[in-house]
Amino acid sequence: MKKHAQEMLLSLWKRRGFLSGARSSEGWTYSYGPLGAELKRNLINDWWNAVVTTSGNIQGLDTPIVSPSSTHKTEGKLNCNHPNVALPDARELQAPREEPNKTSTASSRVSEEATASNVLRDCILQGMLQQRVSVGRSFGMKVPFGIAEVGRVFKSVQPAVKPIPSLHDENRGNTIEPYLHRAEQDQAGVVFISSTKEGREWYAHWQRNRLRWWKKLAHNPGALILKETSKQDVPLSTLQCSTIQYNSTWGPILLETIVNHGECSTGVVTIGNNNTAGQGQASVTQAEGCGGAEPNPQLLSCVAEVDNGTLALLCDSYTEAKRPYGPGTDLVDSKITRLHRRLAPYKVAVLPAKENHKLHLYCQMLTDELRHSGISTVYDSSDTLEQRLVIQDEAGTPYRVIADESSLETGIVSLQDRDTTASEDMNGQDVLLTLQRMTFGVHVM
């Protein structure tokens with residue numbers, strides 16, 4: 001994709017509240033705006049529903065972001081094979097570090113030493129690997145079983161961090177440029193324990209399961225690929241490793257890493273990203289007992305890069321089309337964000353056709369009813385109806401309820417579909433059930 005197209009996408013995302021940020025010498029450090037935060041939250045919720053809620057043998061965890069550095073060196077626990085991120089360095093993200101005062105008290109020195117002994121995690125698997133035994137025993141779980149967690153990790157405190165999507169600039173060949181980046185990232189991970197003889201079968205199961213989930217959310221599922229990692233690019237102890245990538249015109253964006261670590265008995269778990277298998281890949285040399293009754297069971301893991309996924313799905317959802325924005329109007333060049341219905345920040349926009357106080361009250365009442373029923377709804381009465389429809393196309397809102405003055409007498413409104421532009425007239429009281437059926441249908445993994 002040409003540079004002007006990249007700028008156009010960034011401009012659209014900033015204009016509609018998906019992303020915000022600032023340029024730096026390393027690229028574009030970004031934050032999420034209101035719609036971007038809601039999109040990311042919906043992606044996390046859908047992941048949790050697919051992996052934990054609808055599964056009978058996977059339990060959720062919430063482990064600390066900060067842990068004592070000794071935890072990463074203890075036998076049977078974690079040993080990171082790349083430098084840890086210390087808390088004092090992380091504070092430099094907000095303020096310059098002051099020189100230590102020679103007259104500092106003994107208590108402050110003890111406090112500084114205690115802080116320096118803690119580390120920020122750089123992989124979501126760390127806490128789960130530490131607790132897999134206690135969770136298995138506490139819940140009496142038998143192989144196969146798994147534990148899952150969604151949380152924040154810190155890849156680096158340096159300003160020039162590896163970009164979240166690995167973007168390729170066409171004008172520079174295959175040179176990867178740090179274009180979009182942030183040090184704080186969210187991951188969603190699963191640690192799964194199976195019997196040794198079924199390890200490879202479960203690995204294939206997770207490959208299919210995770211690829212199918214990503215494809216169901218994508219507008220262009222053919223752009224998603226499952227790529228097996230060659231043995232020379234993974235630790236010797238790793239049996240199998242693969243990644244799910246979104247093959248954008250900017251280059252491949254890493255979405256998820258799936259690993260079969262082999263048998264786990266006693267020893268040390270190492271986590272690192274010094275290979276091409278993907279960020280935060282964990283490798284097990286000889287892991288501490290995994291829990292359950294199975295002797296020397298197999299350990300597998302799946303780590304989804306939530307921020308990568310959010311950006312990839314935003315890229316994937318962008319389309320251009322010519323469409324009318326009113327009866328008898330000319331076709332207009334439109335930019336449409338075709339986000340999946342489950343991911344769209346707003347599921348429906350309620351739009352009065354004209355400025356009318358009674359119509360405003362009616363639409364506001366309908367908006368409140370939809371919101372109180374758990375459907376994310378936006379009410380917009382600004383500008384012309386055509387301009388508001390353009391805004392909702394760019395914001396990715398899949399449905400629009402349009403009410404005019406006749407709706408006050410008949411109760412009939414028009415429900416319009418973003419993707420097909422087809423409209424259906426229905427009673428306002430039926431809008432809620434129709435939207436619940438179309439937006440929150442039976443969840444399929």
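The values are calculated or read from the model by the stated rules, or taken from the named source; none is laboratory data. In this text, all values refer to a predicted model and were calculated from it rather than measured experimentally. We place every Cβ from the backbone using ideal geometry, glycine too, and count neighbours over all the protein chains shown. Just so you know, the surface numbers come from the protein's heavy atoms only, side chains and all, with ligands and any DNA or RNA stripped out. Shrake-Rupley method; radii C 1.70, N 1.55, O 1.52, S 1.80 Å.
Counting residues in the stretch 1-21 that are over 25 Å from VAL390 (Cα atoms), at pLDDT 55 or above, loosely packed, with under 15 Cβ neighbours inside 10 Å and aliphatic (A, V, I, L, M) gives zero. Of everything in the stretch 373-383 that is touching a strand residue (DSSP E or B) at 6+ places or on another chain (Cβ under 9 Å) and not polar (S, T, N, Q), the residue that is least open to solvent (accessible area, probe 1.4 Å) is ILE375. For first residues located in the stretch 192-212 and within 14 Å of SER55 (Cβ to Cβ) and assigned to a helix (DSSP H, G or I), partners that are open to solvent by less than 10 Å² (accessible area, probe 1.4 Å) and of a type in the set (Asp, Glu) and lie 6+ apart or on another chain with Cβ distances below 6 Å form the pairs ARG210/GLU256. Figure legend. Inter-residue proximity from the stretch 305-316: first residues farther than 20 Å from LEU125 by Cα and in contact (Cβ under 8 Å) with a residue 60 or more places away in the chain, second residues of a type outside the set (A, V, I, L, M, F, W, C) and open to solvent by 10 Å² or more (accessible area, probe 1.4 Å), beta-carbon distance below 6 Å, spacing 6+ or different chains. Indicated pairs: THR310/LYS40; ALA312/TYR246; CYS315/SER248; ASP316/HIS219; ASP316/ASN220. Could you check the stretch 218-259 and list, in sequence order, the residues that are part of a loop (DSSP other than H, G, I, E, B) and aromatic (Phe, Trp, Tyr)? Selection gives TRP250 alone.
The set of residues in the stretch 341-372 that are among the basic types (Lys, Arg) and open to solvent by less than 40 Å² (accessible area, probe 1.4 Å) contains only LYS347. Among the residues of this structure, SER237 does not count as one that is surrounded by fewer than 21 Cβ atoms within 10 Å (Cβ to Cβ), out of contact with any Asp or Glu (no Cβ under 9 Å at 6 or more places or on another chain), farther than 15 Å from VAL303 by Cα and free of Cβ contacts under 8 Å to residues at least 12 places away in the same chain. Screening GLY278 against (1) within 17 Å of the chain's Cα centre (by Cα); (2) modelled with pLDDT of 75 or more leaves a single unmet condition, (2). Please list, ordered by first then second residue, the pairs with beta carbon atoms under 9 Å, 6 or more apart or interchain, first in the stretch 40-59 and over 23 Å from GLN131 (Cβ atoms), second surrounded by 16 or more Cβ atoms within 10 Å (Cβ to Cβ) and of a type in the set (Val, Ile, Thr). If the second residue must be surrounded by 16 or more Cβ atoms within 10 Å (Cβ to Cβ) and of a type in the set (Val, Ile, Thr), the pairs left are LYS40/VAL306; LYS40/THR310; LEU43/VAL306; LEU43/THR310.
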